[in-house]
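I have placed the structure first, in the form of structure tokens, so that the comments after it can refer back to it.
The values are calculated or read from the model by the stated rules, or taken from the named source; none is laboratory data. Computed from a prediction, not measured in an experiment: that's the story for all the values here. Cβ atoms come from the backbone with ideal geometry, glycine included; neighbour counts cover every protein chain shown. The accessibility values were calculated without ligands, DNA or RNA, using every heavy atom of the protein model including side chains. Shrake-Rupley method; radii C 1.70, N 1.55, O 1.52, S 1.80 Å.
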Amino acid sequence: MTSKAEVESVESEEAPHVGERTRRDRATEALGRSWLLLFLIALIGYFWLSTPSGTFLTWTNLEQIALNTSEVILLAIGETFVIVTAGIDLSIGGILFFSAVAGGEVMIHLAGTSEQTINGQYPHSGLAIPVGIAVCILAGTTWGLINGTLITKLRLPPFIVTLGTFGMTFGFGDLISGGSYLPSPVPPALSSHFGNGKILGLSSPIYVAIFFLIVAHVVFHHTRFGRYTAAIGSNQEGTRRTGIAVDRHIIKVYGLAGFLAGVAAVLDLAIFTNTTSVSHQTDNLSAIGAVVIGGTSLFGGVGTVLGSAVGAFVPTVLQNGLVIEAVQPFWQEVVVGAAIILAVYVDQVRRRRANR
Amino acid sequence: MTAPSPPPPLLEARNVQKHFGRVVALREANFTLRPNEVHAIVGDNGAGKSTLIKIISGVYHADSGEIAIDGRPVTIANPREAREFGIETVYQDLALADHLDSSGNLFLGREQLRPPPLSWFGFLDKKAMRRRAQEEMRRLKIGIQSVDQPVLSLSGGQRQAVAVARAIAWGRRIVIMDEPTAALGVRESSMVLELIKEVRSQGLAVIMVSHNLPEVFAVADRITVLRLGRTIVTLDKSETSLEDVVGMMTGALAVAA
């Protein structure tokens, strides 16, 4: 039998050890979180200095970068939640495309006869646009719920399920659209009022991305939904044993990713007035890349929504800067690839520290 | 001359049987838990210890036999129902979410929310939970300086302590511990044994499954020996010895029924 005194001495001997380890962990974590932002700032600084003045670091150009990033940010938010549950969603680009086709077709057909729309006349835009937006979001959410249901009810790996729906969403989308562009652009009011519209001098779609970013950040860190997401990624079986409805939560998380892909589809139609499967084939990799570069662990349990958003900017800033510099923009792919490897390495080191 | 009838046992398992396919895990398990005792279940590998406690904690269902709480027969369909009876289990693998802090783990699945309207959106009252977690740690004399570090960064004994604290914080009557010291070093084990005594002193009953007989003798009030799925005997610690219990576990020592 042990006396109280002995037990206390055990604690006091361990105490400094534990404290020290946490401090080092916190330092590594802070570094892991901030290196990306520093990298992005350095990148912007580099392009600012290396491009002719008045080209890169202008309001118009930065706004353009933000606009180009807004869709990926939405996808990356959903992907963050999914990856934090220790899952993966390869289908979100396909869901985006399918939702854009579904919503776009509805908009076009509701807005006028095919003769009218081919001639650029959209007499019923007022009805067509809101219904089309609803269809985009509904289609995206539905695909997300399908993913989640297949993963939990059939007990299949998320990689396989979403690889399957990745193919299906592109296939169905191309079947509906005929494999090319929509028969005519979506009603121009959508782009003039929203896609190319401005609020206080900033493109409207950027506000949508910022809105969902803030909401997702708060949900992730301050609500029960975020807590369960992390708990499931940390220890799925243990979370189940505490009585939490794990399957239902996982379905919701994939549903959320689908919902956000649906919102991104609305942005896609609003910004580009049309859509093709070719332009979305690698959206899933952009989103996953952004999440990983952003500091969310592929092993689940920990993540950051804001980091994913910063991560989403790395490719677009590179692309934009290299084009202005007239360097082959293919370098963007090289640098982003290296950044993904580096990010995962940092995460691994952090985990090894924590597990020691 | 009518003596008052003794109060019914807190929990009783009568003639419990459990098969897994052709394998018989429990043939005839009997077990009686008194209020406010530490009751160890011991036995060799395959004796049915884990099966028995998993039936009590609602993970498995008995094929036949009866479970009674306060003398009333009950069915425990799942872990959630076990918790409704005031039974909490500390699993051998602890079932902690490593990336959450101790406070988060303590409240996992039972989060405290901010007052309305924030509660409608599931906003967590982290401050209140942290405060309550600190109180709980203090009540159990668990030396964790900060309840907001991920349990990943805690030592084995401290992680065990968090899992135990969670069970005690919510268990109103019975705490089941499955091999609570199996993964721990000597010093950490002694910390957990102190914790078990602390739980008893808070008025709860503890069912403890263990391989480690010296530890069993250090904390248990009574010991039930299982062998090949049968309850061999239940003994007061004071009326037996470690050697006898080993003999009964292995069958070398016959027990007079």
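If A:Leu322 satisfies all but one of (1) in a helix (DSSP H, G or I); (2) aliphatic (A, V, I, L, M); (3) surrounded by fewer than 20 Cβ atoms within 10 Å (Cβ to Cβ); (4) under 19 Å from the mean Cα position of the chain (by Cα), what's the number of the condition it fails?
A:Leu322 satisfies all of (1) in a helix (DSSP H, G or I); (2) aliphatic (A, V, I, L, M); (3) surrounded by fewer than 20 Cβ atoms within 10 Å (Cβ to Cβ); (4) under 19 Å from the mean Cα position of the chain (by Cα) except (4).
Could you list, in sequence order, the residues of segment B:27-69 that are over 18 Å from the mean Cα position of the chain (by Cα) and surrounded by fewer than 19 Cβ atoms within 10 Å (Cβ to Cβ)?
B:Arg27, B:Glu28, B:Asp44, B:Asn45, B:Gly46, B:Asp63, B:Ser64, B:Gly65, B:Glu66
Of the conditions (1) surrounded by 20 or more Cβ atoms within 10 Å (Cβ to Cβ); (2) touching a Gly at 6+ places or on another chain (Cβ under 6 Å); (3) over 24 Å from A:Leu260 (Cα atoms); (4) of a type in the set (S, T, N, Q), A:Thr169 clears all except one; give me its number.
(3)
For segment B:213-234, give me the residue count where each residue is more than 18 Å from B:Leu33 (Cα to Cα) and either within 14 Å of chain A (Cβ to nearest Cβ) or hydrophobic (A, V, I, L, M, F, W, C) (or both).
Counting residues in segment B:213-234 that are more than 18 Å from B:Leu33 (Cα to Cα) and either within 14 Å of chain A (Cβ to nearest Cβ) or hydrophobic (A, V, I, L, M, F, W, C) (or both) gives 5.
Can you name the residue in segment B:121-140 that is open to solvent by 30 Å² or more (accessible area, probe 1.4 Å) and either part of a loop (DSSP other than H, G, I, E, B) or within 14 Å of another protein chain (Cβ to nearest Cβ) (or both) and is also farthest from B:Arg166 (Cα to Cα) among such residues?
It comes out as B:Phe121.
Just the residues that are assigned to a loop (DSSP other than H, G, I, E, B), surrounded by fewer than 18 Cβ atoms within 10 Å (Cβ to Cβ) and touching a helix residue (DSSP H, G or I) at 6+ places or on another chain (Cβ under 7 Å), please, taken from segment B:207-239.
Scanning segment B:207-239 gives a single hit, B:Asp221.
Among the candidates B:Gly143, B:Gly86, B:Gly109, single out the residue that is within 19 Å of B:Pro180 (Cα to Cα) and either at the interface with chain A (Cβ under 7 Å from one of its Cβ atoms) or open to solvent by less than 30 Å² (accessible area, probe 1.4 Å) (or both).
Being within 19 Å of B:Pro180 (Cα to Cα) and either at the interface with chain A (Cβ under 7 Å from one of its Cβ atoms) or open to solvent by less than 30 Å² (accessible area, probe 1.4 Å) (or both) holds for just one of B:Gly143, B:Gly86, B:Gly109, which is B:Gly143.
Could you check how many residues of segment A:218-254 are within 8 Å of chain B (Cβ to nearest Cβ) and not in a helix (DSSP H, G or I)?
Residues flagged as within 8 Å of chain B (Cβ to nearest Cβ) and not in a helix (DSSP H, G or I) within segment A:218-254 amount to 5.
Considering every residue within segment B:177-184, establish whether at least one is at positive phi, charged (D, E, K, R) and away from chain A (no Cβ under 14 Å).
Within segment B:177-184, one or more residues are at positive phi, charged (D, E, K, R) and away from chain A (no Cβ under 14 Å).
Spot the failing condition for A:Val215; the list is (1) buried (at least 20 other Cβ atoms within 10 Å of the Cβ); (2) within 14 Å of chain B (Cβ to nearest Cβ), and only one is missed.
(1)
Out of curiosity, is B:Ile174 away from chain A (no Cβ under 13 Å), buried (at least 18 other Cβ atoms within 10 Å of the Cβ) and either under 21 Å from B:His99 (Cα atoms) or modelled with pLDDT of 80 or more (or both)?
Yes: the conditions hold for B:Ile174.
Keeping to segment B:240-257, report how many residues are part of a helix (DSSP H, G or I) and surrounded by fewer than 18 Cβ atoms within 10 Å (Cβ to Cβ).
Number satisfying all stated conditions: 6.
Where residues in segment A:30-40 are aliphatic (A, V, I, L, M) and open to solvent by 100 Å² or more (accessible area, probe 1.4 Å), which of them is modelled with the lowest pLDDT?
A:Leu31
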